[in-house]
Amino acid sequence: MSNARVAIGEVSRTLGASGTRHSTRDILAARPPKNAVDPRRPYALFVEQERAATGAIEDVATIFLTNRECPYRCLMCDLWQNTTDETVPVGAIPEQIDFALSRIPPARHVKLYNSGNFFDAKAIPPTDHADIAARVRHFNTVIVENHPNLCDDACVRFRDLLGTRLEIALGLETVHPEVLPALNKQMTLADFERAARFLTWHDIAARAFILLKPPFLSEDDGVDWALRSVEFAFDVGVGCCSIIPARAGNGIMEHVQSRGEFNPPSLASMESVLAAGIALNRGRVFLDLWEIERFFVCPHCGPARSERLQRMNLEQIVLPMVSCGCRT
Ligand code: SF4
Ligand SMILES: [Zn+2]
């Protein structure tokens with residue numbers, strides 16, 4: 001507990017003294033231009049392995065749907081880069097799914113990730129829900145992402161349209177009482193808990209996205225609060241936590257970094273949090289390895305450490321550390 005009190009105090013000073021709360025206007029003003037996207041095409045798709053809730057290691061197709069950007073403007077978010085300004089036409093999302101499914105190998109599960117909230121009616125037209133469900137109900141699990149404050153009966157109706165297992169990924173980000181509001185997520189922990197319990201009550205699985213080392217936290221506190229966040233997520237019914245190393249790249253995060261209030265986590269912190277999360281033995285814990293090479297410092301051990309983390313993701317056991325003299 002003493003650690004927690006010290007950490008909260010440190011962050012109070014950081015946020016309070018420097019006044020570095022960033023408004024939606026600040027965040028928008030710092031943005032570089034968006035990428036050009038086609039509303040009739042997903043902007044990315046791939047198949048990768050993931051450990052399923054059953055314990056099996058199975059193929060999961062991920063389709064990144066192109067759609068209108070999320071109305072929330074979180075400090076650390078870069079997902080808006082591949083979105084449209086306007087709602088896509090009715091029929092465009094089913095067309096994107098057809099395009100993707102005709103090009104990727106078969107998989108057991110599918111993620112329909114839309115860089116925002118599946119149940120935001122301005123992102124995914126609700127009139128498309130039945131056509132979407134018809135295209136993906138042959139998967140064992142359909143995973144979508146959604147803001148906790150947009151979890152309501154629409155999720156239950158989509159579950160019924162699907163007739164297969166629905167899982168909804170919710171951004172918890174951090175349970176830190178001062179950092180969470182500073183992320184401009186416009187969500188409280190009570191909101192998250194309500195959403196997670198609502199989903200599980202309705203037989204919809206909940207997954208949590210948790211940031212490793214968001215702005216304003218030291219390296220050690222970043223690891224500590226990521227683990228606290230994992231524990232909170234499991235406490236409120238989440239079955240799977242995906243830990244995302246925080247990174248710059250959206251404009252405002254570079255600004256925060258230039259003020260000395262953010263630095264990406266080290267590979268060692270990623271190793272610590274994944275090992276400790278798995279050791280909790282309360283549900284699946286994954287570490288997002290996207291562009292993990294960006295975090296390599298030592299040319300000798302980086303690839304081997306990344307390989308170990310990948311195996312830990314799949315096997316959900318803590319493997320022996322890679323030894324190297326660099327101690328990074
Ligand atoms: S709610 Fe999610 S998609 Fe929307 S801005 Fe925040 S992190 Fe990005
Ligand atoms: Zn090394």
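The values are calculated or read from the model by the stated rules, or taken from the named source; none is laboratory data. Everything quoted here is computed from the prediction, not taken from an experiment. Cβ placement follows ideal geometry from the backbone for every residue including glycine, while neighbour counts extend to all protein chains displayed. Just the protein is used for accessible areas: all its heavy atoms, side chains included, with ligands, DNA and RNA removed. Shrake-Rupley method; radii C 1.70, N 1.55, O 1.52, S 1.80 Å.
For GLU261, the conditions (1) surrounded by fewer than 17 Cβ atoms within 10 Å (Cβ to Cβ); (2) more than 30 Å from VAL144 (Cα to Cα) all hold with the exception of (1). Restricting to the stretch 182-198, and then to whatever is of a type outside the set (A, V, I, L, M) and without any contact (Cβ under 8 Å) to a residue 60 or more places away in the chain, can you tell me which residue is least open to solvent (accessible area, probe 1.4 Å)? Among those that are of a type outside the set (A, V, I, L, M) and without any contact (Cβ under 8 Å) to a residue 60 or more places away in the chain, it is PHE192.
Is it true that some residue in the stretch 187-205 is more than 27 Å from ARG25 (Cβ to Cβ), in contact with a Gly (Cβ under 7 Å, 6 or more places away or on another chain) and of a type in the set (Gly, Ala, Ser)? Checking the stretch 187-205: at least one residue is more than 27 Å from ARG25 (Cβ to Cβ), in contact with a Gly (Cβ under 7 Å, 6 or more places away or on another chain) and of a type in the set (Gly, Ala, Ser). Among all positions in the stretch 101-122, there is at least one residue which is without any contact (Cβ under 8 Å) to a residue 24 or more places away in the chain and polar (S, T, N, Q). Filtered by the rule that a residue be within 12 Å of ligand 2 (Cβ to nearest atom) and either assigned to a loop (DSSP other than H, G, I, E, B) or at positive phi (or both), the stretch 280-310 gives PHE296, VAL297, CYS298, PRO299, HIS300, CYS301. Hey, could you check the stretch 313-328 for residues that are open to solvent by 60 Å² or more (accessible area, probe 1.4 Å) and part of a loop (DSSP other than H, G, I, E, B) and say which is farthest from ligand 2 (Cβ to nearest atom)? Out of the qualifying residues, it is ILE317. Taken together, the residues in the stretch 293-312 that are free of Cβ contacts under 8 Å to residues at least 40 places away in the same chain and open to solvent by less than 50 Å² (accessible area, probe 1.4 Å) amount to 9. Restricting attention to the stretch 71-121, the residues being open to solvent by 30 Å² or more (accessible area, probe 1.4 Å) and either small (Gly, Ala, Ser) or within 16 Å of ligand 2 (Cβ to nearest atom) (or both) number 2. Within the stretch 161-181, the set of residues being out of contact with any helix residue (DSSP H, G or I) (no Cβ under 7 Å at 6 or more places or on another chain), more than 16 Å from ligand 1 (Cβ to nearest atom) and open to solvent by less than 10 Å² (accessible area, probe 1.4 Å) comprises GLU167 only.
So, of the residues in the stretch 102-137 that are outside any loop (DSSP other than H, G, I, E, B) and among the acidic types (Asp, Glu), which turns out to be nearest to PRO71 (Cα to Cα)? The residue in question is ASP128. Looking across the stretch 222-237, the residues that are under 16 Å from GLY277 (Cβ atoms) and open to solvent by 10 Å² or more (accessible area, probe 1.4 Å) come down to VAL223, ASP224, TRP225, LEU227, ARG228, GLU231, PHE232, PHE234, ASP235.
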